[in-house]
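Any read-out appearing in this document is the output of simple, stated calculations on the displayed coordinates, not a laboratory observation. Remember, it's a predicted structure, so these values are computed and weren't measured experimentally. All Cβ positions, even for glycine, are placed from backbone atoms using ideal geometry, and neighbour counts span all protein chains on display.
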Amino acid sequence: MSSSGAGNRPKKTVAPIRQQPFRAAKRPRFSGPAAEPQFPPEIWEHIFRFIPAWQLPQLRLICHHWNAVISGSPSLMDRCDVRIDASRLNRQMDQHYVPANLPPLVTQLVVRKFTIVSCDHWWPEFAQRLKELQLMYCAMTVDVLYGMLRRTPNLRRLVLYGTKLSGTAEPDFQLDRLTLLVVCCVGYEDNSRNILDGFERVFPRLEDLRLKNNSMPTNILQSIRTLQNSLQYLTLLSYPNVLDGLSELQQLRLKMLGLDVDVQRDDLAPWTKLCRMQPLLENLTMSSSCIHVLRETGRLLPRLKTFTLTVRNQMVASFLETMPRLEYLEISGCYELISFRNYTTPNLERFVLETIETEDLFQYLQRSPRLRQMRLNNCKLGYCEAVTASLPNLTLLILDDLNCHPNSWFSLLAHSFNLEELTLVYLRYLDNATMRKICKMLKHLKKLSLLRMRYLTDYSANHIIQHCWALEELEADYPFTEAALVRIESARNIHVKRPRARSDDEDDEEDDDE
């Protein structure tokens, strides 16, 4: 839930706004050739529209017929990513390379781990339809990059992740439809070069700019100044005088601002000037432990609905009374003590607390009647913390590695009787008997994840089968045996997700980030 969709990437945690992918279900074995319904392609296309976008590439692998239906449908391919992966890091893409089996209607393409020298023989015709292009861990000259982009007149979104650029070039074209540019961990041969140099002329109508580079030259502000009339969403890592620079942009009117800047008491003047210049701001990500800065932020941004805050010191969350319209609140830190006292957020719908210590969290949440989604990750709760009133609108809950008395988290579950999605990760003292009570209490549960639960055994599989009548999907790992998971699948037709094993590619990407 951090704002959203990052330089050195943090440890991945489950978040309510982003579902983790899982393996496609195995195709059933049929006894005869007539087992598959003989629908015309139009019917299959209509059926596939209800499938999540990330599953469509997996469905293409099941049979030739489904592959033909999906690959031949512009509306389905518009939702489907196609990847071109190098078989090894830094493999050259030159005049001899032709990607195999590319569907003709691709609109979203990911290219990974290539050194791109030339693609003129296949790219010009293929690129005409592209709406999204991601270049990940690639290397190329700026001239080659411009040559590729010149052939994408319909491009809306461009992502450069871990890409290495070299050389210089002057663009002689524009992409008027491109609205999103993500630049993350991108490096130039010349480290002092402005990473946006030239891009501001190519993308004159850019609305969403996300700069997540560890090194940020000071002249980056020149490019942002050129784009300020169209920008609505801006994410920046810290660089010298960023607050002063942004507050001087007279035409900049943002709806979302994400800053990796620790705003301190000494920064109050430029920060308040920036806030006054952004009266339309609804979504803000920042770091600060100065309560005066935070209270002024709420006072100067009356439209604020989404607030993501990183704290460095303990505090009383009195800033909440200056932010009455908040619908999403996320607070993270390093086990700083946060007190919510008697403050209330009446419109709060989604809440995230990560690596924080608190004594009065549940009392605060009970004063948020609209709360729908909540994630508590690696937090330390007070020994006497308990929920005493129902949370009738809470439908999604994630509890990940909580340090508290088991009665605390159990009281939360007992008063969240309308839960539909529940994720429990490394909860101490969750045993089979407690799992039975949870299964009996949560009658509306549709999705359940049980990860790293050391005190659960296969007996809990029986409780799931007997009591979770609404359950549609289960994600579980050790200590559940494969036999228990198969029994759940066969007894109730529940889709069981086995956590995906870490791939070599992911290990390589972690190494590349370091």
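Within the shell of other residues whose beta carbon sits under 15 angstrom from the beta carbon of residue 437, the net charge comes to +2, with Lys and Arg scored +1 and Asp and Glu -1.
As a rough guide to protection, the peptides 130-143, 334-347 ranked by mean Cβ packing within 10 Å, highest first, stand as 130-143, 334-347.
Derived scalar couplings between HN and Hα for region 244-254 equal 4, x, 5, 5, 8, 7, 5, 9, 6, 10, 9 Hz in order, rounded to whole Hz, by the Karplus curve 6.51 cos²θ - 1.76 cosθ + 1.60 (θ = phi - 60°), x for Gly and Pro. Taking the centroid of alpha carbons for each part, region 246-275 and region 104-131 are 38 Å apart. Each peptide among 235-244, 358-367 gets the average number of other Cβ atoms lying within 10 Å of its residues, and from highest to lowest they stand as 358-367, 235-244. Using the Cβ of residue 256 as centre and a radius below 13 Å, the other residues enclosed give a net charge of +2, where K and R count +1 and D and E count -1.
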